[in-house]
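The values are calculated or read from the model by the stated rules, or taken from the named source; none is laboratory data. These numbers were taken from a predicted model, which means no experiment stands behind them. Please note: Cβ atoms are built from the backbone with ideal geometry, for glycine as well, and neighbour counts cover all protein chains shown.
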Amino acid sequence: MNKCLLSLITLFVFMQNNSAQIIMPLYTGVIPNSKPTRDQEEVKYDNGIQIISNISRPTLMVFLPAIEKANGTAVVICPGGGYSIVAAKHEGTDVAKVFNKMGVAAIVLKYRIPDDSTMTDRSIGPLQDAQQAMKTVRDSAHKWNIDPKKVGIMGFSAGGHLASTMGTHYTSALIPNASHTNLRPDFLILIYPVISFNDSVGHRGSRDQLIGKNPSPEQIQNYSNELQVTDSTPPAFLVHASDDKAVNPQNSIGFYEALLKKHIPAELHMYQTGGHGFGMFIKNSKDLWMERCRNWMTANGWLQK
């Protein structure tokens with residue numbers, strides 16, 4: 001094995017707030033569905049929010065709880081950004097640290113931004129990365145002190161679309177999976193998520209970025225995840241604000257109703273105000289939805305050792 005490859009797969013481990021953080025490339029070999037291109041990734045801040053753009057080399061940032069707190073549950077976190085950027089801090093690493101305090105391992109996915117210049121099929125790139133993240137977590141379960149039957153996925157905004165796509169499209173592997181690792185999340189946590197790509201309530205920006213400005217009716221239906229719920233869709237916890245002007249709250253309501261029709265356990269918290277992109281803290285509210293999420297996870301047995 002040459003030094004370049006060794007460098008690529010080396011894990012960088014350090015202690016931060018009593019959590020071991022591991023930063024690693026998502027793929028150890030060739031990135032599937034990718035075109036040769038130079039890395040143009042850029043990190044900047046807008047009003048204190050970290051924004052990562054032009055992502056073509058996806059990574060995982062793994063936050064492991066202290067051994068004495070660990071309960072075996074893990075959550076893959078997909079930050080939002082309209083499939084144009086990734087808001088990796090307030091919808092990613094900040095959330096991961098709170099999960100660690102619950103004894104939950106948290107894995108922040110920096111997924112590829114759909115782009116015809118970096119991938120052959122832009123519509124499947126993010127889903128491939130989410131599937132690979134789920135596979136990596138389950139394949140690393142023993143090493144990371146994780147129960148492979150207690151691995152969920154979380155998403156904010158367009159990251160919520162990605163997470164809900166994982167919960168409704170897991171039967172078709174878009175990545176090499178010779179080991180037949182289970183790609184189905186055990187639960188979904190969806191925060192002001194994009195769910196639908198239909199014209200009435202769907203988020204047009206996310207739709208245009210993922211499947212193009214002239215998608216076929218079949219593509220729109222396939223990626224409208226409220227239409228893809230089945231009897232085996234994972235249980236879900238949803239949070240949205242009634243005054244969200246960016247992503248219509250009917251996205252969460254429609255998905256919740258679809259889950260109920262299939263008798264899938266689900267919990268929806270709809271706040272009167274809050275807008276969009278609030279992360280863990282709703283403006284002008286003392287309520288902490290992460291505590292409600294903790295209660296939901298406890299009630300379903302995911303926080304038990």
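Those residues that are part of a loop (DSSP other than H, G, I, E, B), modelled with pLDDT under 55 and not hydrophobic (A, V, I, L, M, F, W, C), I need them from segment 1-54; list them, please.
Answer for segment 1-54, where residues must be part of a loop (DSSP other than H, G, I, E, B), modelled with pLDDT under 55 and not hydrophobic (A, V, I, L, M, F, W, C): Asn2, Thr10, Asn17, Asn18.
Out of all the residues in segment 215-223, is one or more modelled with pLDDT of 95 or more, over 21 Å from Gln132 (Cα atoms) and touching a strand residue (DSSP E or B) at 6+ places or on another chain (Cβ under 6 Å)? Checking segment 215-223: not a single residue is modelled with pLDDT of 95 or more, over 21 Å from Gln132 (Cα atoms) and touching a strand residue (DSSP E or B) at 6+ places or on another chain (Cβ under 6 Å). Of the listed requirements (1) touching a residue at least 60 places away in the same chain (Cβ under 8 Å); (2) under 21 Å from Gly80 (Cα atoms), Lys150 misses just one: (2). Annotation: of all residues in segment 215-233 being of a type in the set (Val, Ile, Thr) and buried (at least 17 other Cβ atoms within 10 Å of the Cβ), the one that is farthest from Val194 (Cα to Cα) is Thr233.
Can Lys44 be described as touching a strand residue (DSSP E or B) at 6+ places or on another chain (Cβ under 7 Å), over 23 Å from Cys293 (Cα atoms) and surrounded by fewer than 19 Cβ atoms within 10 Å (Cβ to Cβ)? Yes, satisfied. Of the residues making up segment 86-102, not a single one is under 22 Å from Arg207 (Cα atoms) and surrounded by fewer than 22 Cβ atoms within 10 Å (Cβ to Cβ).
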